[in-house]
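Here is the structure we will look at, set down as structure tokens.
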Amino acid sequence: MTDQILFEEFGVGNLVRYSAPALAPWLDSFGDNEKYKEKETKYKNFQLVIDSGFDATWIVPVIYGIPYFRAIRKLPIAGRFLNGYLREVVSFRHYNIVEEPVLVNAIKHQTCYVAVDYNETLNKLTRLKKNPRELINSDLSLSYVLPNNKTDFLGHPVLDKSKISKAELQTLRNSLEGKHMKVNGYGDEDDEENDYGNNGGLNASQSLLLTDERFLIPELLFHPQLAGVYKSGLIQTIKSSLDAVPELLQPLLVNNIACIGGTSNIPGFAERIVKDLDPEVPVEAQTRVSDYTHITGDTSLLSWYAGKSFFANGGFEKIKMTKADYAEFGAEYAQDKFSFRL
């Protein structure tokens, strides 16, 4: 139906239908820099693509540019799920941001990170909670200034720890003691005076002091059980995909992993995959995530750059379907032409 609309309604002259993961191997041919054309890996024709976007995370083995369909796996946890959980946690612990999806997404991308070792990070946080000032000065906490909707519409993190107010420190102490700050008429009335102090509530109400939220939210990708979702995590899903691939190809795929999609922008995402996946793959395999920072630092744009490389290197011309082909063979021809699979 889409092909019919493109050719008949929009008058498209040539058409190629390709999925984003299938385009990922073309990133190896992007640009004119010979340094990056000579890939670190010897296995250019084998790539394991992890496409973690907004709705879901897809694991797609690509062999000679063609998705290996029987090994494709879907993890129904990605940006949307992480945003929803972050929204609930912040709304319960701090302020109601249920109706602020754009703000929630901004907070996630500017403050969250994937802990390379979740248990170790959690233990460190537990130790630091005994001294709120040390916790604030540590790299585990981050203050996020909320937007004022005049000069700032998304808010921003406070990177200078010295600018964190006494009110925020008091708020953190209250949080650790199980107290709740009264905000916009809601909260514990008995704590109102202590929490606000001498106009301290003004500063406190303008920012969020985030601690375990920063690494707990992305951890749901690897352990959905933390949110009461009893599904396989990312590493188990990758392992399930690899098990469906011929054994001889598994070391080739794990040596050339490509992470695309906006959720893989979260710092520590690639490092955690390497750490957790390495013990799960054959001994002779070396887990390696390809570095495409020479193309862009935003993994959500990598599919676009892959498509650009696909076109620039002649891939489009080789497999395109022309309007004449459509007129002669009909819409079913497009389905047959672009549904190639292994």
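The values are calculated or read from the model by the stated rules, or taken from the named source; none is laboratory data. Predicted model only: the values in this text are computed from it and were never measured. FYI the Cβ positions are ideal-geometry reconstructions off the backbone, even for glycines, and counts take in every protein chain you see.
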Checklist entry - How many residues are over 12 Å from GLN206 (Cα atoms) and surrounded by fewer than 16 Cβ atoms within 10 Å (Cβ to Cβ) if we restrict to the stretch 139-148? => result 1
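Under the condition of being in a loop (DSSP other than H, G, I, E, B) and within 16 Å of SER240 (Cβ to Cβ), which residue from the stretch 64-78 is nearest to the chain's Cα centre (by Cα)?
Filtering the stretch 64-78 for residues in a loop (DSSP other than H, G, I, E, B) gives 64-65, 68, 72, 76-78.
Then drop every residue that is not within 16 Å of SER240 (Cβ to Cβ), which leaves 68, 72, 76-77.
Values: TYR68: 23, ILE72: 19, PRO76: 13, ILE77: 10 Å.
Across the stretch 64-78, the extreme among qualifying residues is ILE77.
When the residues of the stretch 126-140 are narrowed to those that are of a type in the set (D, E, K, R) and over 18 Å from VAL158 (Cβ atoms), which ends up farthest from the chain's Cα centre (by Cα)?
Applying the first criterion (of a type in the set (D, E, K, R)) to the stretch 126-140 yields 127, 129-130, 133-134, 139.
From the residues that got through so far, the ones that are over 18 Å from VAL158 (Cβ atoms) too are 127, 129-130.
On the way: ARG127: 29, LYS129: 28, LYS130: 32 Å.
Within the stretch 126-140, the match that is farthest from the chain's Cα centre (by Cα) is LYS130.
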Checklist entry - Which residues, counting only those in the stretch 72-119, are in contact (Cβ under 8 Å) with a residue 12 or more places away in the chain, aliphatic (A, V, I, L, M) and under 22 Å from GLN206 (Cα atoms)? => result LEU86, VAL89, VAL90, VAL102, LEU103, VAL104, ALA106, ILE107
Next on the checklist: If I filter the stretch 208-223 for residues that are over 22 Å from the mean Cα position of the chain (by Cα), modelled with pLDDT under 95 and among the polar types (S, T, N, Q), do I get at least one hit?
Outcome noted: no
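I need the helices (runs of 4 or more DSSP H) fully contained in the stretch 243-342, keeping only those with at least 3 residues that are within 29 Å of the chain's Cα centre (by Cα) and surrounded by 13 or more Cβ atoms within 10 Å (Cβ to Cβ).
Details: elements: 250-254, 269-277, 302-312, 315-319, 323-329, 331-338.
The helices (runs of 4 or more DSSP H) meeting that bar are 250-254, 269-277, 302-312.
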Next on the checklist: For the stretch 145-154, check the following and say yes or no: at least one residue is part of a loop (DSSP other than H, G, I, E, B) and modelled with pLDDT of 95 or more.
Outcome noted: no
Checklist entry - Restricting attention to the stretch 19-58, and to residues there that are of a type in the set (Phe, Trp, Tyr) and at pLDDT 85 or above, which single residue is surrounded by the fewest Cβ atoms within 10 Å (Cβ to Cβ)? => result PHE54
Checklist entry - Could you say whether any residue in the stretch 99-116 is hydroxyl-bearing (Ser, Thr, Tyr) and either loosely packed, with under 15 Cβ neighbours inside 10 Å or at pLDDT below 85 (or both)? => result no
Checklist entry - Somewhere in the stretch 284-294, is a residue more than 19 Å from GLY79 (Cβ to Cβ), touching a strand residue (DSSP E or B) at 6+ places or on another chain (Cβ under 6 Å), assigned by TED's automatic domain parsing to the domain that holds PHE153 and among the small types (Gly, Ala, Ser)? => result no
